[in-house]
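Values in this text are rule-based calculations from the coordinates and carry no lab data. Keep in mind the model is a prediction, meaning the values are calculated, not measured.
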Amino acid sequence: MNKNVVITGANRGIGLALVKGYLAQGCHVFAVCRHSSTELNALPAVTITDVDVATDAGINKLLIELQQVTIDVLICNAGILRDESLSNLNINSIRAQFEVNALAPLRIVSALQAQINDSGKVAMITSRMGSIADNGSGGRYGYRMSKAALNAASMSLSIDLKQRNIAVGIYHPGYVQTDMVNHGGDISATESASRLIGLIEQLNISETGVFKHSNGQVLPW
């Protein structure tokens with residue numbers, strides 16, 4: 001396919017599985033992370049390390065490393081999950097999740113927007129926990145709020161980038177067996193990545209800004 005694909009949070013879990021999936025399709029993959037992993041190092045991707053997407057220095061390094069790259073697909077996958085309750089409301093934890101889960105993807109798209117091909121694609125890996133209508137269990141304040149904010153930002157991006165025919169996909173990956181959930185999910189990272197790659201391949205401007213489960217179901221805001 002020879003597409004240039006940039007993936008954040010690429011050293012493990014869904015991000016690593018996305019790297020493998022796109023490499024298998026013949027794409028040029030730029031794998032972005034804070035720290036690489038043995039599995040990622042074994043792959044023929046261009047690995048960009050020491051990028052903390054929640055910092056000015058991290059965004060600047062990403063921009064420098066990719067300054068000569070024309071991007072066909074940009075996947076903002078990096079995220080963190082913490083656990084707060086009403087009786088244990090850790091505001092610093094909530095702020096950290098906003099920085100990584102909501103503000104970082106917006107900053108990345110803003111920094112790299114000139115390098116995204118007209119008719120390129122942006123994929124935001126969010127969560128159905130960011131759905132207000134779908135919240136039936138409460139808690140997880142920082143994660144829910146940050147993912148809802150990411151969804152709102154992604155919708156605005158879908159409008160602002162539409163004039164360049166750049167489509168924005170907003171995807172819940174499923175309940176995936178990763179370190180983030182202590183491997184308690186119901187699908188593997190490989191299956192989730194395969195589904196996401198399929199959805200991104202099908203994504204076009206007529207469906208920009210749609211919030212979807214990786215199984216293709218449209219999710220409520």
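The calculated pair-distance distribution of the range 34-155 uses every alpha carbon pair, bins of 5 angstrom beginning at 0, and gives 2, 11, 18, 20, 19, 14, 9, 5, 2, 0 percent. Straight distance only, please: which aspartates and glutamates reach the Cα of Lys121 with their own Cα at less than 17 Å, same-chain residues fewer than 8 apart left out? Here the aspartates and glutamates satisfying the reach criterion relative to Lys121 are Asp72, Asp160, Glu201, Glu207. Maximal additional length on extending the Val69-Asp56 stretch stands at 2.7 nm, based on 0.36 nm per residue less the C-alpha distance. With springs only between Cα atoms under 10 Å, which of Arg195, Arg95, Arg144 fluctuates most in a Gaussian network model of the chain? Sorting by GNM fluctuation, first place goes to Arg95.
Measure nothing but the geometry: give the 0 to 90° angle between the long axis through the Cα atoms of 56-65 and the longest principal axis through the Cα atoms of the chain, rounded to 10°. Between helix and principal axis, roughly 20 degrees. Relative to the longest principal axis of the Cα atoms of the chain, helix 13-24 runs at roughly 20 degrees. The Cα atoms of the range 4-213 define a convex hull whose projected area, averaged across directions, is 11.1 nm². When both the range 129-178 and the range 1-31 are represented by their alpha-carbon centers, they are found 21 Å apart. The slack in the chain from Arg95 to Gln25, taken as 0.36 nm per residue of separation less the alpha-carbon distance, amounts to 21.5 nm.
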